Amino acid sequence: LFFNLKIFTTSKISKYDPPMDGLLTNFNTLIEKYNNFFFDCDGVLYAGGHKFEKAFKTLEKLQQLDKKMFFITNSSGRSRAVFHEKICKHGFRADIESAYPSCYLSAVYIKLNNPSVKKVYVIGGQGIMTECKNQGFEVLGGPDHDDKELDIYNPGFTKEDAEEVDAVLVGMDTSMNMYKLTFALACLKNGAKFYACNPDAYDKVGDRNIPGAGCMVTQLEAASGVTPLVLGKPNKYAIETAIQEHNLSKEESIMIGDRIDTDILLGQNADVDTCLVLTGVSKLEHYAQQKKLKNGIVPTYVAKEVSCESTLKK
């Protein structure tokens, strides 16, 4: 099987002299070199509800070759089961154990590393609520507090209510309000641990950007003076977890994503090779900027798209 996708590797220079002076090669080279493929999803395999047909054909080819594939997303709105279902709805049969949304990773981390945590206050959507409940936590907040209004003189909760919370977990919340922030702040001031699903400043929706989970996180961080532990990308925890659970080799693994600041940095933090695709957030100019920096986030490869058909021209 031959894959015609042209890719730039940043470590060598060739006579082809493609943008950024990288070596022009084909996707089959990566297939031969790596056995484990970690994919970001939005901006790589699909954009919103739009499926990238060529990307899914490539997944099918990888599956035929018995390559291992894992799907990592910073999205916290969908539980692991719902995220897995979305991938399958696009026509690709993946095991649920290959799906790693940030809400799942966060809930599992808290359970494994902080056994004293019993009650979690959530700023975010149903995905976080579901995963926290799956780990046996008592859960407060989330969509249940969407309609709460804050009276600053009578906030609607007591100090004792806040003291009962052991951890605050923050993700993307499209119904953010002052009540949620104030209650979460009270929890942190009373000693609750602070976790974040991801630090994304914005999410790309169609041709526009909307504030991401990082905006909710920084508000609470500024008010409390407490720095959260971020458990989604670029924390290496996602890849480290998959490698441990599936007994994988880092040398045989590659992270493929569309964001330099999350996907590519995740790969670097986890010490695996990386491939930036240009179908989402980061573009060639962002890559060029990083190359000029002393400690820039530079991917191992740059590709136009995940495709077994198209080529990346000069």
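The values are calculated or read from the model by the stated rules, or taken from the named source; none is laboratory data. Computed from a prediction, not measured in an experiment: that's the story for all the values here. All Cβ positions, even for glycine, are placed from backbone atoms using ideal geometry, and neighbour counts span all protein chains on display. Please note that ligands, DNA and RNA were not included when accessible areas were found on the heavy atoms of the full protein model with its side chains. Shrake-Rupley method; radii C 1.70, N 1.55, O 1.52, S 1.80 Å.
Summary table
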read-out	value
Region 95-218: equivalent-ellipsoid semi-axes (sqrt of 5 x gyration tensor eigenvalues, Cα, Å)	23, 20, 11
222 nm mean residue ellipticity, helices alone, for the chain (DSSP H n ≥ 4; -39,500 (n - 2.57); rounded to 500)	-9500 deg cm²/dmol
Residue-count net charge about MET172 - beta-carbon cut-off 10 Å; Lys, Arg +1, Asp, Glu -1	-3
Distant-in-sequence amide H partners of ALA201 (H built 1.01 Å from N, under 5 Å)	GLY214
With every protein chain in place, region 166-275: carbon and sulfur % of accessible area (1.4 Å)	49 percent
With 5 Å bins from 0: P(r) over region 173-226, alpha-carbon pairs, percent	4, 19, 28, 24, 13, 7, 4, 1, 0
Net charge, GLU97 excluded, C-beta distance under 10 Å - Lys, Arg +1, Asp, Glu -1	-1
Share of carbon and sulfur in the accessible heavy-atom surface of region 36-152 [1.4 Å probe, %]	45 percent
Estimated FRET transfer efficiency (LEU284, VAL226; beta-carbon r; R0 41 Å; 0.05)	0.60
Nearest-0.05 FRET efficiency for GLN244 and LYS189, computed from C-beta distance (R0 30 Å)	0.30
Residues with amide H under 5 Å from that of ALA196, placed H, sequence gap 5 or more	VAL170, LEU229, VAL230, LEU231
Two-site FRET efficiency, ALA201 against LEU150, from Cβ-Cβ distance with R₀ of 25 Å, rounded to 0.05	0.50
For the chain, share of DSSP beta bridges that run antiparallel, in % to the nearest 5	30 percent
Distance violations [Cα-Cα > 27 Å] among LYS159/LYS204; LYS86/LYS292; LYS61/LYS250	LYS159/LYS204; LYS86/LYS292
Calculated from backbone phi, Karplus (6.51, -1.76, 1.60) coupling profile of region 92-100 in Hz, x at Gly/Pro	10, 8, 10, 6, 4, 5, 8, 9, 10
Most mobile listed residue (TYR153, TYR237, TYR34) in the chain, GNM with C-alpha springs under 10 Å	TYR153
Solvent-accessible area per residue for the chain (1.4 angstrom probe, square angstrom)	46 Å²
Cα gyration tensor category, rounded, prolate or oblate, for region 147-242 with a/c compared to 1.5	oblate
Cα pair count fraction exceeding 36 Å, expressed as % - the chain	22 percent
Label point 7 Å beyond Cα of ASP271 along Cβ direction - residues of region 31-52 with amide nitrogen under 20 Å	34-38
Cα gyration tensor, region 162-314 - rounded (a/c under 1.5), prolate or oblate	prolate
Inter-site label distance for GLN64 and CYS88 at 7 Å from Cα along Cβ, in nm	2.4 nm
Burial ranking of peptide ranges 161-170, 120-129 (average Cβ count within 10 Å, highest at the top)	120-129, 161-170
Under 19 Å from the LYS292 label point (7 Å along Cα→beta-carbon), backbone N, region 243-268	260-261
Amide H contacts under 5 Å for PHE52, placed H, 5+ residues apart	TYR46, ALA47
Packing-based ranking, highest mean first, of 252-259, 84-91 given that Cβ atoms within 10 Å are counted	252-259, 84-91
